[in-house]
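Asks: Dropping the structure in here first, questions after.
No value in this document is a laboratory result; all are computed from the given coordinates. Source: prediction; values computed, not measured. Cβ placement follows ideal geometry from the backbone for every residue including glycine, while neighbour counts extend to all protein chains displayed.
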Amino acid sequence: MRYIRHTIGALCMLAGTVTAASAQQTDTGILPFLNMPSDARSAGMADAGTLLPDNPAAIYENAAAALTGTARGGIGIFAGPWRSGFSTDDVLFGAGGYYAPDSKNLVLAGFRRISGPETTMTDDLGFPVGSMRSQEWSAEAGYGRLFAGRWAVAVTAHYVRSDSGFDDAVGGVMFGLHGAYKGRFRNPDKGLWSAGLSLMNCGPSMRIGGKSYPLPLRLRAGASATRIFSRNHTLAGGLEIDCLMQSSIFNASIGAEYTFLRHGVIRAGYRMSTAPDGSGSHASAGCGFIAGPLRCDVAYRFGGDRSSPLDNSWQLSAGVVF
């Protein structure tokens, strides 16, 4: 049974077979699903739209940005794969939402889950002795506050659990700190802009397989602007710079979103990365449809390096804002 013992130890140390290989390639630490896209709107802009207002998935981006828009609340669902081929395995599913009971306070919540394919385990002689399936999930909650009508701050708390499918699951708590400034053009009817900063995945290290591993700490800074040209035509753009602290990998994204005839949306963006294998650099495109409070969006990532598991992958999200 030596083979089984070795396999169990490796699974525990890597915190799940779904994400372990990519964690080693990009050196982003454990639980890299925490940095996967959760909003097709932002993903279509190559992750440059995290500060856009009225985003139901704000708890996964800059939570304070939910206080910079005009909507009082929103709720949505999303799905996107860890790898390029479509399968019910290796797909991150989740939901998120926010609600502002008044003009100054904000509450947020969310849930994410990803599971790996079922793997058959064998003994030294090659006979099957069972199967395993890794699972990782997180549950989120947050609170935000608007000061002086312009400055928004938010704190988010996340419980993360990782189960290799063969041994005891491990869990931990992490936090996010977010800030945003809500600006306006000279004519407020022509649009708005915002800038923000986030420190994400803060918390104590997790012990996996007898060893301690730091969480994938991430620092984000960005800005967005929305310009209303007429009732039927709106242009939005975003810029973001982020750093994965454990590996000192820097990423920069730029993207744009055009809304036409009040219902159709097209997006595009590009992301540059200092990752040594080039896996972080990519172009993205997306589209969407708006029908009253309902938004449906799809995005596609064009990989520039086949070593990245997220190359040539899609992202879907749907939600309502009110």
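Asks: Can you give me the long-range amide H partners of R150? Hydrogens built in the peptide plane at 1.01 Å from N, cutoff under 5 Å, separation of 5 or more residues or another chain.
Replies: Close amide H contacts, sequence-distant or interchain: none at all.
Asks: Another one. Assuming a viscosity of 1.567 mPa s and a temperature of 4 °C, what translational diffusion coefficient in µm² per second does Stokes-Einstein assign to the stretch 185-322, Rh being the Kirkwood radius over Cα pairs? Intermediate values should be presented prior to the final figure.
Replies: Working: Rh = 17.3 Å.
In µm²/s, the coefficient rounds to 75.
Asks: While we're here: If every alpha-carbon in the stretch 104-246 counts as one equal scatterer, what log10 I(q)/I(0) does Debye give at q = 0.11, 0.20 1/Å?
Replies: For the stretch 104-246, the Cα-only Debye profile gives -0.63, -1.23.
Asks: What FRET efficiency, computed as 1/(1 + (r/R0)^6) with R0 = 41 Å and r the Cβ-Cβ distance, is obtained for S230 and V129, rounded to the nearest 0.05?
Replies: Details: r = 67 Å, r/R0 = 1.62.
Calculated transfer efficiency: 0.05.
Asks: Just order 229-242, 212-225, 50-63 by mean Cβ neighbour count inside 10 Å, highest at the front, would you? Numbers along the way, then the final one.
Replies: Working: 229-242: 16.8, 212-225: 19.3, 50-63: 28.4.
Highest-to-lowest ranking by the protection proxy: 50-63, 212-225, 229-242.
Asks: Related question: Counting Lys and Arg as +1 and Asp and Glu as -1, what is the net charge of the other residues whose Cβ lies under 13 Å from the Cβ of S230?
Replies: Numbers: positive: K190, R227, R231, R262; negative: D189.
Taking every Cβ under 13 Å from that of S230, the sum is +3.
Asks: Can you work out the FRET efficiency for the pair F147 and T122, with r the C-beta to C-beta distance and R0 = 45 Å, to the nearest 0.05?
Replies: Details: r = 60 Å, r/R0 = 1.33.
For F147 and T122, the calculated efficiency is 0.15.
Asks: Determine which lysines satisfy two conditions relative to K211: a Cα distance under 21 Å, and not lying fewer than 8 residues away in the same chain.
Replies: Hits, sequence-local ones excluded: zero.
Asks: Given R₀ = 22 Å, FRET efficiency for W314-S247 by Cβ-Cβ distance, to 0.05? The partial results should precede the final answer.
Replies: Working: r = 26 Å, r/R0 = 1.19.
Here the calculated transfer efficiency is 0.25.
Asks: Can you list the lysines whose alpha carbon sits under 29 Å from that of K190, skipping same-chain ones fewer than 8 residues off?
Replies: Partners found: K104, K182.
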